[in-house]
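The values are calculated or read from the model by the stated rules, or taken from the named source; none is laboratory data. Because the structure is a prediction, the values reported are computed rather than measured. All Cβ positions, glycine included, derive from the backbone under ideal geometry; neighbour counts span all protein chains shown. Surface areas here come from the heavy atoms of the whole protein model, side chains and all, with no ligands, DNA or RNA. Shrake-Rupley method; radii C 1.70, N 1.55, O 1.52, S 1.80 Å.
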Amino acid sequence: MATDVRFTRFKGADWFVEKNTFDTIIGGAGGIGSYLAYFLARAGFRVHIFDMDKVEEVNMAGQMYRLSDIGKNKVDAVAEIIKDFCNEEIYTYEEYTEESEVHDFMFSGFDNMKARKIMFNNWANHVTENNIENTIFIDGRLEAEKIQIFCVTKDKIGQYKEYLFDDSAVPDLPCTLKQTSHCASMIASHMVGFFTNYISNMINGNSDRIIPFFTEYIIPLNFLENRDE
């Protein structure tokens, strides 16, 4: 079967096998999730996205929405944008719960720890109970000028749990310093890059491409840290 012409510019990449080969789940359709869904769909991955919120005018500051999307369910607006830009269909759902769908490849773009814990626990239980080896959970944490990414493979489950804490322990940032579009798109692109690195290693049966457990980038300081410990 011929490769869709939309993918011919990267069909030679190690991670690209065939359109819609892999299912991906995204938790949250805000600053991280809205861009993440777009980038994953553009790369040919099958996208499932969860969010119960509607688009508000304030979301224009850091999320990939149009003024015409105000008042729509976020997941519906994301689906329309992806259809317009990529001619791709994605699967949309409301709130992510303990009973929600689980796949081997999952992305957390939530803005709260409670939802992040639920998604991670669903994934970790799925991985351990079914003894799945080829799997990754990628968690993005975003501020206006700071990004953090955790790439959690099966052997890192215990290590990642140390970074799950209660929402009450998270400092409350000023409402005028919570999100920017350039930082949101930056974290989403890095999350997809780590994912394609992982898929490349999985397909080739090696570890040539780097997938750090923890990455942090602070824009004002031009500070980048990658850590695999």
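Working from label points 7 Å from Cα in the Cα-to-Cβ sense, the residue 181 to residue 85 distance is 1.0 nm.
If you average the C-alpha positions of region 126-157 and of region 182-204 separately, how far apart do those two centres end up, in angstrom? Their Cα centres are 12 Å away from one another. Applying the criteria of a DSSP loop state and at most 15 other Cβ atoms within 10 Å to the GluC sites (Glu not before Pro) of region 28-132 yields 56, 89, 94, 95, 98, 99, 101.
What helices does the chain hold that run 18 Å or longer along their axis, going by alpha-carbon atoms, with a Kyte-Doolittle average of 0.0 or more, using DSSP H for the helix calls?
Details: long enough: 113-129 (23 Å, -0.72); 181-204 (34 Å, 0.53).
Both cut-offs are met by 181-204.
What shape does the chain take by its C-alpha gyration tensor, where a ≥ b ≥ c are the square roots of the eigenvalues and a/c under 1.5 counts as rounded, a/b above b/c as prolate, and the rest as oblate? Taking the square roots of the gyration eigenvalues as a ≥ b ≥ c, the chain is rounded.
Over region 113-229, average the accessible area per residue using a 1.4 Å probe and give it in Å², no decimals.
51 Å²
For the chain, build the charge dipole from Cβ charges (+1 Lys, Arg; -1 Asp, Glu) around the Cα centre, then report which of 138, 73, 190 sits farthest towards its positive end. Ranked along the dipole, the leading option is 190.
Take every Cα pair under 8 Å in the chain that's 6+ residues apart, average their separations, divide by the length, and report that relative contact order as a whole percent.
So the answer I get is 20 percent.
Checking the table 117/161; 146/178; 117/154; 117/156 against a 19 Å threshold on Cα-Cα, which pairs fail? The pairs that break the limit, which is 19 Å between Cα atoms, do not exist here.
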